[in-house]
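Down below is the structure, laid out as structure tokens.
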Amino acid sequence: MKRREFITGSLAASALAGVSTLAGAAEKGHSTERDYYELRAYRLKAGASHELLDNYLEMAAIPAWNRLGIKTVGVFTEMEPKDGPALWVLIPHPSLESFSTAWSRLNADTEYQKAGASYLQTAKDNPAFDRIDSWLLLAFVGMPRLEVPALLGEKKQRVFEMRTYESYSEVKALKKVQMFNSGEIEVMKEVKLSPVFYGQALVGRDLPHLTYMLCGENKEIHKKHFGDFAKHPTWEKLKNDPEYADTVSKIISRYLEPVSYSQI
């Protein structure tokens with residue numbers, strides 16, 4: 001079996017637990033074609049410059065991803081880092097094939113190799129990062145594609161909240177995804193929380209969990225919208241439904257700011 005076929009097949013098998021609702025989603029009008037998100041955290045040493053990494057992402061990686069059809073790549077810094085300084089990169093893939101072949105296609109791209117030479121060929125005593133954490137996420141059926149925030153088109157100031165919900169079991173994690181698809185996403189849109197993406201984690205550390213991102217003009221306005229969400233009757237009904245009890249065991253919230261070259 002070819003390596004690409006093995007990787008694609010293995011990841012597809014991993015996703016089966018999260019796609020059991022596809023038939024029902026199609027009946028409800030949801031798209032059965034969904035994004036796959038690679039969320040990368042470039043871990044940095046305290047006080048270290050990330051100029052080399054920034055230059056690589058802005059001048060080499062993002063243009064190359066765009067040439068491959070991977071659009072709207074987001075790059076963010078964390079306002080109050082919870083586990084050390086990092087540069088967060090969100091890479092939205094239109095398919096599993098795109099994810100599984102992206103890095104080999106980049107390595108075959110001479111323009112990418114030339115533009116990213118300083119980063120790609122950096123010396124051992126001048127690393128661009130400490131380590132990289134990476135997660136593969138599958139978009140929810142309730143929001144199958146990444147949505148660019150309206151604030152970006154209006155060129156307004158924006159802040160993002162990235163929230164991760166860990167669960168104590170795989171079954172409960174899927175129930176939380178179902179809860180979002182059953183009305184939670186629609187409520188968040190209604191109260192202007194401006195969702196960017198929702199993803200079920202398929203591969204990475206701290207499984208099982210899901211991660212999603214919201215956008216606001218600033219933290220104060222964003223928190224006001226969350227207050228409206230908390231009082232919404234649909235959310236009140238969902239959170240009191242016994243079917244969704246104990247679906248979340250831990251919540252991690254990160255406030256992020258986009259860097260100047262972020263496409264989100």
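Please treat every number below as a calculation from the coordinates, not as lab data. What you see is a predicted model; the values in this text were computed from it and never measured. Positions of Cβ are generated from backbone atoms using ideal geometry, with glycine treated the same way; all protein chains shown enter the neighbour counts.
Spot the failing condition for Ile132; the list is (1) within 18 Å of Leu57 (Cα to Cα); (2) in a helix (DSSP H, G or I), and only one is missed.
(2)
Please specify each residue of the range 72-102 satisfying the condition of being touching a strand residue (DSSP E or B) at 6+ places or on another chain (Cβ under 7 Å) and closer than 11 Å to Leu146 by Cβ.
Thr72, Val73, Gly74, Leu90, Ile91, Pro92, His93
Filter the range 203-225 down to the residues that are hydrophobic (A, V, I, L, M, F, W, C) and buried (at least 21 other Cβ atoms within 10 Å of the Cβ), then identify the one that is farthest from Pro144 (Cα to Cα). I'd like the intermediate steps shown before the answer.
Just the residues of the range 203-225 that are hydrophobic (A, V, I, L, M, F, W, C), to begin with: 203, 207, 210, 213-215, 221.
Next cut, buried (at least 21 other Cβ atoms within 10 Å of the Cβ) only: 210, 213-215.
Numbers: Leu210: 14, Met213: 14, Leu214: 15, Cys215: 17 Å.
Only one residue fits best here, namely Cys215.
Output the residues belonging to the range 149-173 that are part of a loop (DSSP other than H, G, I, E, B) and crowded, with 17+ Cβ neighbours inside 10 Å. Steps first, please.
Of the residues in the range 149-173, the ones part of a loop (DSSP other than H, G, I, E, B) are 149, 154-158, 167-169.
Passing the criteria: Pro149, Arg158, Ser167.
Conditions (1) within 19 Å of the chain's Cα centre (by Cα); (2) loosely packed, with under 13 Cβ neighbours inside 10 Å, marked per residue:
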site	(1), (2)
Arg67	no, no
Glu78	yes, no
Asp83	yes, yes
Ala86	yes, no
Ser104	no, yes
Asn107	no, yes
Tyr119	no, no
Asp130	no, no
Leu136	yes, no
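In the range 64-81, which residues are within 22 Å of Phe160 (Cβ to Cβ) and not in a helix (DSSP H, G or I)? Steps first, answer last, please.
Keep residues of the range 64-81 that are within 22 Å of Phe160 (Cβ to Cβ), which gives 65-66, 70-81.
Result: Ile70, Lys71, Thr72, Val73, Gly74, Val75, Phe76, Thr77, Glu78, Met79, Glu80, Pro81.
For the range 82-119, what are the residues that are part of a loop (DSSP other than H, G, I, E, B), without any contact (Cβ under 8 Å) to a residue 12 or more places away in the chain and within 23 Å of Phe197 (Cα to Cα)?
Keep residues of the range 82-119 that are part of a loop (DSSP other than H, G, I, E, B), which gives 82-85, 94-95, 108-109, 116.
With the extra rule that they be without any contact (Cβ under 8 Å) to a residue 12 or more places away in the chain, the set shrinks to 83, 108.
Scanning the range 82-119 gives a single hit, Asp83.
Return the residues of the range 214-261 that are within 19 Å of Glu186 (Cα to Cα), assigned to a loop (DSSP other than H, G, I, E, B) and not polar (S, T, N, Q); say none if nothing qualifies.
Matches in the range 214-261: Lys231, His232, Asp241.
What is the residue count in the range 177-223 for residues that are more than 28 Å from Asp133 (Cβ to Cβ) and under 18 Å from the mean Cα position of the chain (by Cα)?
1
Does any residue in the range 236-258 that is aliphatic (A, V, I, L, M) come within less than 6 Å, Cβ to Cβ, of a residue that is surrounded by 15 or more Cβ atoms within 10 Å (Cβ to Cβ) and not in a helix (DSSP H, G or I) six or more places away or on a different chain, and which pairs are these?
From the range 236-258, the pairs are Val248/Tyr165; Ile251/Tyr165; Ile252/Thr164; Leu256/Phe76; Leu256/Glu78; Leu256/Phe160; Leu256/Met162.
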